[in-house]
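Quick notes on the structure that follows.
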Amino acid sequence: MDTNTKTQPQDLLAHLDAEIVQKLQDIGNRVSEDTFVKNLLERFLHGTPERLLALQDAVAAGDCETIEFQAHTLKSSCGYVGATVMVEICKTLESLGRAKEIRDAGRLVAELQKSFALVTPRLRSLLAGSDDALPETADNCQSVDG
């Protein structure tokens, strides 16, 4: 993966739920700096790399129970911040772990890591209080005409 490639807006929109991100921004704008939203985003951004590493290790060890547990836990966190693609991948990993059918798990963990890399800059922007958490689209642009 070329990490120097700029994320295209449509790629990011496929990975983040704009409605959830907007709600997080709205909540963050109404309350003080030490808020639920800030804590939520910090926990996600700091905790996800550990969960991804734990998933990677579990796949390498063939540890189905840990795959199921880590995927389930990460799925919830992803849902809270609107990382929809990550939620779907976690659902699949969780099911595979439960069924003890993990031959595709390594590929899915790699997809999960890629999706996390895509959403991280925008979630960090939201954490910093920036209004540009999502790129401009026809759905979230305001008319210049008023």
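The values are calculated or read from the model by the stated rules, or taken from the named source; none is laboratory data. Quantities reported herein were computed from a predicted structural model and do not represent experimental measurements. Glycine gets a Cβ as well: all are built from the backbone with ideal geometry, and neighbour counts include every protein chain shown.
Specify the residue that is farthest from the chain's Cα centre (by Cα); the eligible residues are those in the range 89-100 that are surrounded by fewer than 24 Cβ atoms within 10 Å (Cβ to Cβ), assigned to a helix (DSSP H, G or I) and not β-branched (Val, Ile, Thr).
Result: 99.
Output the qualifying pairs, or none if there are none: Cβ atoms under 7 angstrom, residues six or more apart or on different chains, first residue in the range 33-60 and touching a residue at least 40 places away in the same chain (Cβ under 8 Å), second residue in a helix (DSSP H, G or I) and basic (Lys, Arg).
Listed pairs, sorted by first residue: 45/124.
Out of all the residues in the range 62-75, which are over 10 Å from the mean Cα position of the chain (by Cα) and part of a helix (DSSP H, G or I)?
Within the range 62-75, 64, 65, 66, 67, 68, 69, 70, 71, 72, 73 meet the criteria.
The conditions are (1) within 15 Å of the chain's Cα centre (by Cα); (2) farther than 15 Å from residue 15 by Cβ, and residue 79 fails exactly one of them. Which is it?
Failed condition: (2).
Do you know which of the residues in the range 66-88 that are crowded, with 24+ Cβ neighbours inside 10 Å and β-branched (Val, Ile, Thr) is modelled with the lowest pLDDT?
The qualifying residue modelled with the lowest pLDDT is 81.
Among the candidates 85, 59, single out the residue that is in a helix (DSSP H, G or I), within 21 Å of residue 43 (Cβ to Cβ) and of a type in the set (Val, Ile, Thr).
Among 85, 59, only 85 is in a helix (DSSP H, G or I), within 21 Å of residue 43 (Cβ to Cβ) and of a type in the set (Val, Ile, Thr).
I'm trying to understand the selection: among the residues of the range 81-106, which are closer than 24 Å to residue 17 by Cβ and without any contact (Cβ under 8 Å) to a residue 60 or more places away in the chain?
Within the range 81-106, 87, 88, 89, 90, 91, 92, 93, 94, 95, 96 qualify.
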